[in-house]
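Participant: Here it is: the structure, laid out below.
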Amino acid sequence: MYHRWITGTPTCKSHNLAEILVTVMTTILNIEQLQIIINRLACQIAENYYSDHKLVIIGIQPRGVFLANKIADALKKILPESNIPYGKLDNTFYRDDIRKELHQPNQTDILFSLEEKHVVLIDDVLFTGRTIRAALDAMLSFGRPQKVELCVLINRRYSRELPIQPDYCGKSIDSLISQKVKVEWDKEEVNLY
């Protein structure tokens with residue numbers, strides 16, 4: 001995020017604004033880059049689990065589901081003979097900030113057991129690690145997986161509050177705590193504010 005300070009004399013005596021902060025958006029990934037990264041992530045997962053019948057894909061509600069849908073579709077093209085189970089996980093009631101903020105619960109849609117499975121957990125942005133911690137807790141309600149790996153589109157390094165790191169990463173970025181990374185699926189781009 002870039003800040004530019006504009007200084008000057010207020011034009012009206014009723015306004016006491018001498019400085020205005022202007023925030024500029026930076027595009028991290030455009031539509032072409034996003035598609036290349038999604039295909040790469042799917043290929044990396046397929047490479048590691050080519051003949052593994054224990055693989056399941058879980059998208060974290062709400063924003064991780066968009067990426068998980070795209071990766072699941074790409075995996076179907078790469079491994080057409082495989083029928084990889086895919087589910088959506090809501091971690092709202094497992095969050096450690098549930099009492100501090102109002103969160104709208106989403107639907108969990110996992111119609112299979114995770115017992116002894118190899119789970120690839122998918123989210124859009126890895127920031128503090130707290131969303132992933134909550135998802136790991138929520139996931140245990142569906143069985144004890146043999147292995148869990150994390151796949152994220154954006155890894156915001158140096159901002160972790162918990163020891164959680166991605167196994168599959170689209171892009172790692174360095175950013176300030178005050179900055180926001182927004183994956184805009186309607187525009188198919190990722191922006192830093």
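Participant: Note the direction-averaged projected area, equal to a quarter of the hull surface, for the Cα convex hull of the stretch 2-192, in nm².
Facilitator: 13.7 nm²
Participant: Determine, for H118, H53, the number of other Cβ atoms within 10 Å of each Cβ, and report the residues in order from fewest to most.
Facilitator: Ordered by Cβ neighbours within 10 Å, fewest first: H53, H118.
Participant: Too long at a 28 Å Cα-Cα cut-off: which of K76/K187; K88/K182; K117/K182; K70/K180; K70/K147? Walk me through the intermediate numbers first.
Facilitator: Numbers: K76/K187 24 Å; K88/K182 20 Å; K117/K182 31 Å; K70/K180 23 Å; K70/K147 22 Å.
Exceeds cut-off: K117/K182.
Participant: Rounded, prolate or oblate: which fits the stretch 38-131 when a ≥ b ≥ c are the square roots of the eigenvalues of the alpha-carbon gyration tensor, with rounded for a/c under 1.5 and prolate only if a/b beats b/c?
Facilitator: It comes out prolate by the Cα gyration axes.
Participant: Could you work out how much longer the chain between D73 and F112 gets when fully extended? Use 0.36 nm per residue separation minus the Cα distance between them, nm to one decimal.
Facilitator: Length gained, D73 through F112: 12.1 nm.
Participant: Something else: Counting Lys and Arg as +1 and Asp and Glu as -1, what is the net charge of the other residues whose Cβ lies under 13 Å from the Cβ of E116?
Facilitator: +2
Participant: Just to confirm the filter: which GluC sites (Glu not before Pro) across the stretch 36-143 are DSSP coil and have at most 12 other Cβ within 10 angstrom of their Cβ? Display every interim value, and only then the final one.
Facilitator: On the way: sites: E47, E81, E101, E115, E116; in loops: E81, E101, E115, E116.
Those satisfying the criteria are E81, E101, E115, E116.
Since every read-out is calculated from the coordinates, none of them should be taken as a lab result. These figures come from a predicted structure and were not determined experimentally. In this analysis, Cβ positions are derived from the backbone assuming ideal geometry, glycine residues included, and neighbour counts consider all displayed protein chains.
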